[in-house]
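These notes are about the structure you will find just below.
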Amino acid sequence: MANAPLRVLFAGTPDFAAHHLQALLDSPHQVVGVYTQPDRPAGRGKKLQASPVKQLALQAGLPLRQPVSLRTPETQAELAAFAADVMVVVAYGLILPQVILDAPRWGCLNVHASLLPRWRGAAPIQRAIQAGDTESGVTIMQMDAGLDTGAMLATARCPIDSATSAAVLHDRLAELGPPLLLQVLNDLPGYLQAGVAQDDSLATYARKIEKAEGALDWRQSAAELARQVAAFNPFPVCFAVLNGERVRIWTASAVSEATHAAPGTILSADREGVQVACGNGSLRLLTLQLPGGRALPAADLLNAQSAQFAPGACFQPAAEAATS
């Protein structure tokens, strides 16, 4: 049963969060203010860039705050002055101290891009794909002082298959989250009362993605490497070094047939892709990017670069590639 519209304070930063802010703006609920991360340098020119949430908040004429921290008494008093019924937090990027969690009438809700308690932490989308999970989803959670440890109020699920990249899963979850959030807000007291505690014994940690993790270790199985490529598309994008050049690998598929060639050896290069021996099976590279170029299907790249990818050529070991 729907309750009266709520006064909502919103905190978020990336595009995933902006989808949820837009849904709130399109709903009967009143967004009384928005918090987002300070502008960060981005791009080749390292110019300060506003977050997607900031851009949307400015377009909507909403009160906007970009504190470096929420731990100062002044910042906490300013937040409390919004007199919000609830604070919705989506990929905000700042830790909320207890005084902030307690400020809104109904506390703080988090929209988390995983099926909690699996994949608590910063990179649940990528880690789910990398681990070979067959399912992901969105969890609406009442926040507490722990890291994604609060009571679960609602979930929505979606499948992961071999063709699911982080970019694809991000977009699926960005569609699932907003209607689920509005469903909870429309009967918030009821959902809070029915919240389910997480089983900490089932929790896994989705640590932040580092650029160096993109280096492919050809000693791993083809299945593991295919998941790595999918998980790190579009960031940081997997790579390997061939003939002294760093080759970025945007899409790839695993081939299960056994091979006796040394890991990293190119087995074939044709319109089907560049097939590379792995510790178990082989990896077919489907979309590649050379330095200074754009990402291309293997068939197009080989039209001009077939000699570089000749069978028998060998990619450098991962440890060497990571430092190239």
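The numbers here are math on the coordinates, done by the rules we state, and not lab data. Note that the structure is a prediction, hence the values are computed from the model and not measured. Cβ coordinates were reconstructed from backbone atoms using ideal geometry, including for glycine residues, and neighbour counts include every protein chain displayed.
Here's the picture: a label point sits 7 Å out from the Cα of Ser221 along the beta-carbon direction, and within the range 264-293 the residues with their amide nitrogen under 15 Å of it are 278-283.
When the Cα gyration tensor is reduced to axis lengths a ≥ b ≥ c, the ratio a/c stays below 1.5 for the range 212-322, which is therefore classed as rounded. Just in the range 1-98: which trypsin sites (Lys or Arg not before Pro) are loop by DSSP and have at most 14 other Cβ atoms within 10 Å? Sites meeting the loop and neighbour criteria: Arg44, Lys46, Arg71. Of the complete DSSP H runs in the chain, those spanning 24 angstrom or more by Cα along the long axis with a mean Kyte-Doolittle score not below 0.5 are 166-185. Along the chain, the longest continuous region that contains none of the GluC sites (Glu not before Pro) in a DSSP loop with at most 16 other C-beta atoms within 10 Å is 1-209. Applying 1/(1 + (r/R0)^6) with R0 = 35 Å to the Cβ-Cβ distance of Asp171 and Asp300 gives a FRET efficiency near 0.90. Rounded to 0.05, the FRET efficiency of the Lys47 and Lys208 pair, given R0 = 22 Å and the Cβ-Cβ distance, is 0.40. Full extension of the chain between Gln22 and Ala77 gives 17.2 nm of extra length, using 0.36 nm per residue less the Cα-Cα distance. Matching the structure-derived Cα extents along the principal axes in Å against the labelled list (i) 67, 43, 31; (ii) 53, 47, 41; (iii) 73, 48, 32 gives the label (i).
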